[in-house]
Amino acid sequence: MARRDFETLANREIKAVLAELKAGLRELARTAAAPIPEIPLDPADPRGPSTYDRMIGVRRKQALERAIGDLELEITSRTGEAFELAGSSAAQEAAAASGGEGLPGVGINVRAVATAQASAAAEVRGVMDGARERLNTAVTRAVAGRTTAAQFAEELGDAFDVPQPAHRIERIVRTEMGGIWMANQAEVDELLADTGPDLIRRWVTVGGKRGDGRNRDSHTALHGQERELDEPFNVGGGPKPGWAGGATASTEPGSPIGQEAKAPLAANLLAGERINCRCRFVRIPRSEAVQPYIRKRRNPSRAGAPDDLATG
């Protein structure tokens, strides 16, 4: 499966996850905002001037909390399925990149899939905890007699905002699916370094050296950084704002600048260097290397290369 095919798969899965999330949130909003039966109370009642039975509000809160929990489990499960599918697809590409039959040890990167599932589960919980907090605030105000029945229903409906949670979930799912793909490709490179053709890796940023207006400055600066197949890239490290002093295409392997990462979207990168990253890396023949820190001839220790290729 080529990268473009994988991105098509990812977009399809993300769309399906978001459809379930939005439908669930809208159903919660409809349930929450349903009219609450008004019960006239004596103005002298110690409970205050509320015009509804507070226990109705409490019971509705309890029902909504159960529904929020169900939706959280549903979305977490659905993202997990998407990541398993991403892992399988990435493994197919990894096998193709390693020569069709595949290399020993190349398969689904279970660790990458598990990391993605854990990250997404935490993000989904964060989204749902936000809804729980808004729900609790609305009920607290209601029980304290600070809202009318109509106001209470309106606040319950507002507790389940759709656009912001959907954006958060899309961001994390897209990031983690890309991370699974990259992790598998990096795993292949580790094996190709000793058994495969004489290739190197090059970091590629959308839009190249100039970017496309949407890239991080730190990643635009990385465009063209080259590494041996089993060497990590150097990412980030510059102060904010701007990027003076951070890793660039000319940063040599082993430099203390920034973080070392096997690939774009690597799980060890800081969130500021990882979330929504659209960068990738490509394998190129060593003869096409442009960075002076790359050996122009293959290291003789790799795949039995002859000693006369050790110079240059």
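Observations on the model:
- Selection status of residue 75, surrounded by 16 or more Cβ atoms within 10 Å (Cβ to Cβ) and closer than 21 Å to residue 268 by Cα: no
- Inter-residue pairs, beta-carbon under 7 Å, first within 17 Å of residue 295 (Cα to Cα) and in region 189-200, second of a type outside the set (A, V, I, L, M) and in a helix (DSSP H, G or I), 6+ apart: 198/286; 199/286; 200/286
- The listed residue being over 19 Å from the mean Cα position of the chain (by Cα) and either not acidic (Asp, Glu) or not assigned by TED's automatic domain parsing to the domain that holds residue 89 (or both), out of 267, 263, 183, 221: 221
- Any hit, region 154-163, residues being free of Cβ contacts under 8 Å to residues at least 24 places away in the same chain and in the same structural domain as residue 297 (by TED's automatic domain parsing): no
- Matching entry among 265, 222 (being closer than 12 Å to residue 279 by Cβ, in contact with a Cys (Cβ under 6 Å, 6 or more places away or on another chain) and in contact (Cβ under 8 Å) with a residue 24 or more places away in the chain): 265
- Checked against the criterion of being at pLDDT below 95 and out of contact with any helix residue (DSSP H, G or I) (no Cβ under 9 Å at 6 or more places or on another chain), region 56-72 has at least one qualifying residue.
The values are calculated or read from the model by the stated rules, or taken from the named source; none is laboratory data. In this text, all values refer to a predicted model and were calculated from it rather than measured experimentally. When we count neighbours, we look across all protein chains shown, and the Cβ atoms used for this are built from the backbone with ideal geometry, even at glycine.
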